[in-house]
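Colleague: Dumping the structure here so I can ask a few things about it.
The values are calculated or read from the model by the stated rules, or taken from the named source; none is laboratory data. Note that the structure is predicted; figures quoted are calculated from it, not measured. Cβ sites come from the backbone with ideal geometry, for glycine too, and all protein chains shown count toward neighbours. With ligands, DNA and RNA removed, areas are computed over all heavy atoms of the protein, side chains included. Shrake-Rupley method; radii C 1.70, N 1.55, O 1.52, S 1.80 Å.
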Amino acid sequence: MARYSPPLLRRFFSCAASSASQGGGNAAGKKNLVFLGSPQVAASVLDTLLAASGSPDSVFQVAAVVTQPPAAKNRGRKLMPSAVAQLALDRGFPEELIFTPERAREESFLSNLKEVKPDVCITAAYGNILPQKFLDIPLCGTVNIHPSLLPLYRGAAPVQRALQDGVAETGVSLAYTVRALDAGPVIACERFSVDECIKAPELLAILFDIGSKLLISELPSILDGSAKEKAQPQDDSKATLAPKLNSDESWLSFDQEAKELHNKVRAFSGWPGTRAKLQLINQNDGEPDTLEIKIISTKVSASCDKARDENEILFSGSSLLIPCSGSTWLEVLELQLPGKKVTNARGFWNGLRGRKLLKSS
């Protein structure tokens, strides 16, 4: 995706309203909204905004889209646009109004953004730090869709860390962006009950869907300034942090209780996933071979009365049963061997052909 000069921006801005509104209606009097986001969950928010902007009574138009630069993906390492950029292109949004700066502080990007004259900027999983020079541009401020009940879980991985903690309730917040991390006044929030099976990718999609609808309902107040009057400051003393996931965290240790491990599997689903090392006993000489698996789906076993060797992994019903701390058992429903497709526990167990499987020490 190319870099754009101000002359190009001026030339194409005149056609942005009709392309962005999806309906070709008169955009006169509509406020300019700039959307910033990158992954698929953010693309769903942009889709909602583009659809809503096409309504005859819409108070806004999507004037520009900002997203991460194309990245090398798949085996061919071909440069591919972000999910947000691809969605915008698929919807006929002018390519010249899709900005892909490496950093949001770039002067050329900030200059182009000023030319768009945004009334408000909306961020959803953009993945780039916004400098004060950026925050000073939109007249009505910058509002972030954050998938947690702020001030809880501020940071890069709020959904994943909430699931890892085993929360029974989370939600989504609309908050003004300030220079401190996710610390701006909260305009509105909506709660969501979390069941014991939902995984991070699914919960992320649900929360951003709720957040996009909440945003549409709040945009009139954001654009007329009344949202700033009702927005509630956060209580910093109640803040918790949700740091970015690290691939080194993906290993499971069975000296933890099964519920902790199950919550981690749910939280790390998608990326980086969860891994474990097991010992496969050779039938000929009884020597163990290390077997590294990726654990895909689990649940916590209600009970297990088949205890043998405290390290032995069993199979019952449709699950591998792995003994954990506190006399708890983790049921593994789906797993994956290196270079293989995901399989269910029964298929994996049958492939062992009677060989004994132990926890790795």
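Colleague: Would you confirm whether any residue within segment 271-282 is open to solvent by 30 Å² or more (accessible area, probe 1.4 Å), in contact with a Cys (Cβ under 9 Å, 6 or more places away or on another chain), polar (S, T, N, Q) and over 18 Å from A345 (Cβ atoms)?
Modeller: No; the residues of segment 271-282 include none that is open to solvent by 30 Å² or more (accessible area, probe 1.4 Å), in contact with a Cys (Cβ under 9 Å, 6 or more places away or on another chain), polar (S, T, N, Q) and over 18 Å from A345 (Cβ atoms).
Colleague: Also: Take E102 and decide whether it is in the same structural domain as Q40 (by the TED database), more than 23 Å from A157 (Cα to Cα) and of a type in the set (D, E). Spell out how you get there, then give the answer.
Modeller: Numbers: in the same structural domain as Q40 (by the TED database): yes; more than 23 Å from A157 (Cα to Cα): no; of a type in the set (D, E): yes.
No.
Colleague: Need a quick list: strands (runs of 3 or more DSSP E) entirely within segment 230-318 having at least 2 residues that are among the aliphatic types (A, V, I, L, M). Give the derivation first.
Modeller: Details: elements: 274-281, 288-300, 314-316.
In segment 230-318, 274-281, 288-300 are the strands (runs of 3 or more DSSP E) which contain 2 or more residues that are among the aliphatic types (A, V, I, L, M).
Colleague: While we're here: Determine, yes or no, whether S148 is part of a loop (DSSP other than H, G, I, E, B), open to solvent by less than 20 Å² (accessible area, probe 1.4 Å) and modelled with pLDDT of 95 or more. Steps first, please.
Modeller: Working: part of a loop (DSSP other than H, G, I, E, B): yes; open to solvent by less than 20 Å² (accessible area, probe 1.4 Å): yes; modelled with pLDDT of 95 or more: yes.
Yes: the conditions hold for S148.
Colleague: A follow-up question, please. Taking the stated definitions as given, is V34 over 16 Å from E102 (Cα atoms) and of a type in the set (A, V, I, L, M)? Give the derivation first.
Modeller: Values: over 16 Å from E102 (Cα atoms): yes; of a type in the set (A, V, I, L, M): yes.
Spelling it out, V34 is indeed over 16 Å from E102 (Cα atoms) and of a type in the set (A, V, I, L, M).
Colleague: Is it the case that some residue within segment 41-55 is at pLDDT below 95 and either open to solvent by less than 10 Å² (accessible area, probe 1.4 Å) or of a type outside the set (S, T, Y) (or both)?
Modeller: Going residue by residue through segment 41-55, those that are at pLDDT below 95 are 54-55.
So of that shortlist, the ones also either open to solvent by less than 10 Å² (accessible area, probe 1.4 Å) or of a type outside the set (S, T, Y) (or both) come out as 54.
Yes, segment 41-55 contains at least one residue that is at pLDDT below 95 and either open to solvent by less than 10 Å² (accessible area, probe 1.4 Å) or of a type outside the set (S, T, Y) (or both).
Colleague: Hey, another quick one. Determine if segment 113-134 includes at least one residue that is over 17 Å from L245 (Cβ atoms), among the aliphatic types (A, V, I, L, M) and at pLDDT below 95. Full working, then the answer.
Modeller: Residues of segment 113-134 that are over 17 Å from L245 (Cβ atoms), as a first pass: 113-124, 126, 128-134.
Going one step further and asking which of them are among the aliphatic types (A, V, I, L, M), we end up with 113, 116, 120, 122, 124, 129-130.
Checking which are at pLDDT below 95 leaves us with 129.
Yes: segment 113-134 contains one or more residues that are over 17 Å from L245 (Cβ atoms), among the aliphatic types (A, V, I, L, M) and at pLDDT below 95.
Colleague: Using the structure shown, decide if A227 is in a loop (DSSP other than H, G, I, E, B), among the hydrophobic types (A, V, I, L, M, F, W, C) and either in contact with a Leu (Cβ under 7 Å, 6 or more places away or on another chain) or under 27 Å from L203 (Cβ atoms) (or both).
Modeller: Working: in a loop (DSSP other than H, G, I, E, B): no; among the hydrophobic types (A, V, I, L, M, F, W, C): yes; either in contact with a Leu (Cβ under 7 Å, 6 or more places away or on another chain) or under 27 Å from L203 (Cβ atoms) (or both): yes.
Spelling it out, it is not the case that A227 is in a loop (DSSP other than H, G, I, E, B), among the hydrophobic types (A, V, I, L, M, F, W, C) and either in contact with a Leu (Cβ under 7 Å, 6 or more places away or on another chain) or under 27 Å from L203 (Cβ atoms) (or both).
Colleague: Moving to a separate point now. Name the helices (runs of 4 or more DSSP H) wholly inside segment 74-142 in which the number of residues that are open to solvent by 20 Å² or more (accessible area, probe 1.4 Å) and either of a type in the set (S, T, Y) or in contact with a Cys (Cβ under 6 Å, 6 or more places away or on another chain) (or both) is 2 or more.
Modeller: Working: elements: 83-90, 107-116, 132-135.
Result: 107-116.
Colleague: Quick check: is even one residue across segment 151-163 surrounded by 22 or more Cβ atoms within 10 Å (Cβ to Cβ), at positive phi, touching a Gly at 6+ places or on another chain (Cβ under 8 Å) and assigned by the TED database to the domain that holds V65?
Modeller: Scanning segment 151-163 turns up no residue that is surrounded by 22 or more Cβ atoms within 10 Å (Cβ to Cβ), at positive phi, touching a Gly at 6+ places or on another chain (Cβ under 8 Å) and assigned by the TED database to the domain that holds V65.
Colleague: Report, by residue number, each residue of segment 84-119 that is touching an Asp or Glu at 6+ places or on another chain (Cβ under 8 Å) and basic (K, R).
Modeller: R91
Colleague: For segment 201-251: of the residues being β-branched (V, I, T) and either at pLDDT below 95 or open to solvent by 40 Å² or more (accessible area, probe 1.4 Å) (or both), which is farthest from N263 (Cα to Cα)?
Modeller: This residue is I216.
Colleague: Then there's this: In segment 151-166, what count of residues is obtained for those that are touching a helix residue (DSSP H, G or I) at 6+ places or on another chain (Cβ under 9 Å) and assigned to a loop (DSSP other than H, G, I, E, B)?
Modeller: Selection size over segment 151-166: 7.
Colleague: Where residues in segment 319-344 are part of a strand (DSSP E or B) and more than 19 Å from E257 (Cβ to Cβ), which of them is least open to solvent (accessible area, probe 1.4 Å)? Spell out how you get there, then give the answer.
Modeller: The initial filter retains those residues of segment 319-344 that are part of a strand (DSSP E or B), namely 319-324, 328-336, 343-344.
Next, only the ones that are more than 19 Å from E257 (Cβ to Cβ) stay: 334-336, 343-344.
Working: E334: 70, L335: 1, Q336: 49, T343: 46, N344: 86 Å².
Applying the filter and picking the extreme gives L335.
Colleague: Go through I198, I187 for me and flag whichever is more than 17 Å from the chain's Cα centre (by Cα), surrounded by 14 or more Cβ atoms within 10 Å (Cβ to Cβ), touching a residue at least 40 places away in the same chain (Cβ under 8 Å) and not assigned by the TED database to the domain that holds A267.
Modeller: Sole residue among the options that is more than 17 Å from the chain's Cα centre (by Cα), surrounded by 14 or more Cβ atoms within 10 Å (Cβ to Cβ), touching a residue at least 40 places away in the same chain (Cβ under 8 Å) and not assigned by the TED database to the domain that holds A267: I187.
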